[in-house]
1. Rounded to the nearest 20 debye, what is the charge dipole size of the range 187-373 about its Cα centre when +1 sits on each Lys and Arg Cβ and -1 on each Asp and Glu Cβ?
2. At Asn392 and His230, where each label point lies 7 Å from the Cα along Cα→Cβ, what is the point-to-point distance in nanometres?
3. What FRET efficiency would be calculated for the residue pair Arg145, Ala176, taking the C-beta separation as r and a Förster radius of 25 Å, to the nearest 0.05?
4. Let's see if you can work this out: charge +1 on each Lys and Arg Cβ, -1 on each Asp and Glu Cβ, no other charges. What is the dipole magnitude of the chain about its Cα centre, in debye to the nearest 20?
5. Tell me the mean residue ellipticity at 222 nm calculated for the chain from its helices only (DSSP H runs of n ≥ 4, each -39500 (n - 2.57), averaged over every residue, nearest 500).
6. For the range 187-373, count all C-alpha to C-alpha pairs, find those more than 29 Å apart, and express that count as a whole percent of the total.
7. In nm, give the distance between the simple-model label positions of Arg93 and Leu71, each being 7 Å from the Cα along the Cα-to-Cβ direction.
8. Full extension from Arg281 to Ala196: what is 0.36 nm times the residue separation minus their Cα-Cα distance, to one decimal in nm?
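Each reported figure results from applying straightforward, stated rules to the coordinates on display, with no laboratory input. The structure displayed is predicted, hence computed values, not measured ones. Cβ: placed from backbone, ideal geometry, glycine included. Neighbour counts: every protein chain shown.
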Amino acid sequence: MMPARLDRPRLAILALHPVQYHAPLYREIAASGAVDLTVLYCARRGNKPPYEEEWDVPLLDGYRHHFLLNLGRVGWPQPLSRINPGVVSWLVRERYDVLLIQGHTQLTDWLALLAAKSAGTKVIFRGEATPGSLGRFSGHPLKHRAAATMIRLADRVLYSCTGNRLWFEERGAERARMALIPCAVDNVFFEAQRAAILANSLSPKRQVGLDDGVLYVASVANMIPRKRLHDLVAAVARLQEGGLPVGLILVGDGPERERLASMVGELAVKDAHLVGWANQRMVCGYNAAADVFVVASDYDPSPKALSEALLFGLPVVCADAIGTAADLVVYGENGYLFPAGDVEALAHGLSLILQDPDLRAAMGRRSLAIAAEWSMAAAARSVVQAVEQVLNGR
């Protein structure tokens, strides 16, 4: 545990459980020295072996954290999967200067909000949802009202992308109380992985057992219906019918895997690789081997796989329903957008990129430049600035 310093603002962050995408942000905030950080976890899911070993990244190193007793159960429907009554006494006793709440659908989110208000603690509300959110009760008026109430009671709101900003504005958030916290990944980690792969004497494709003579389209996603990976399989089949030497890499697992495998067979898609689940280093290998990356989902607020693909210098073809699409995909510069579910438009975007090596190279360079600005360091600065602003009454 890291020692506390009393000469800095004391910040508590309420988090569901340890996650490989959030831990680098917490480390970055702690390392900045600008705030005295404690992360309050509502559940232990995510930090028990073999999870951390499989993800091959540290989840709890580099920042102070505390696990609250959870009376709910992971997997129960919201708001009952996180029931942490101890958060009330903890926040009242500790009296942090600022509390960052990262959701509004769990009972503990509201217990923490009420405790913070009673203790005189400033509250920052961070979200990632986008218009058109899917899921049970997502469009229910009560859920809309709950979000609006959390926004009204918070002292500041942090939005993660353009789509998320629109979601907040639909629920009454004022621009003056909002600021961007880029929904970033660990750029330093992925840049180091890319450099190591490129330094190998074998080509990136050969390192993962692929053919150097094939152009590969990749996607990294849970194999669930809303990811629309079946559209990608159909698009690649069309490209192969047109004579393009293209292959397919699907990294991930889930209930749609059997359907996708059957579809690959039915459409006679050649050079199709359904890799299955992969940890972050394994994902890096496939991103380095790919020639273009696809996100085909009909709803996805901020797919981290898109940010990771940019860090490997990949052109992207992305569904317009993606929350971060407006931030990370500049049409014609580092990729193309297409209407979610439109297989013909997806295939057309892929064809434009795959048939033009100069365009692929230029788009890849632009992806690297965009990714460099959308960093974990920038996200940490946003949190620190928000803390300073709420404490200074701005």
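1. 440 debye
2. Label-label distance for Asn392 and His230, simple model: 5.4 nm.
3. After rounding to 0.05, the efficiency reads 0.65.
4. For this selection, approximately 1700 debye.
5. Theoretical 222 nm ellipticity from helices: -12500 deg cm²/dmol.
6. 11 percent
7. Placing both labels 7 Å beyond Cα along the Cβ direction yields 1.7 nm.
8. Residue separation times 0.36 nm, minus the Cα-Cα distance, leaves 29.5 nm.
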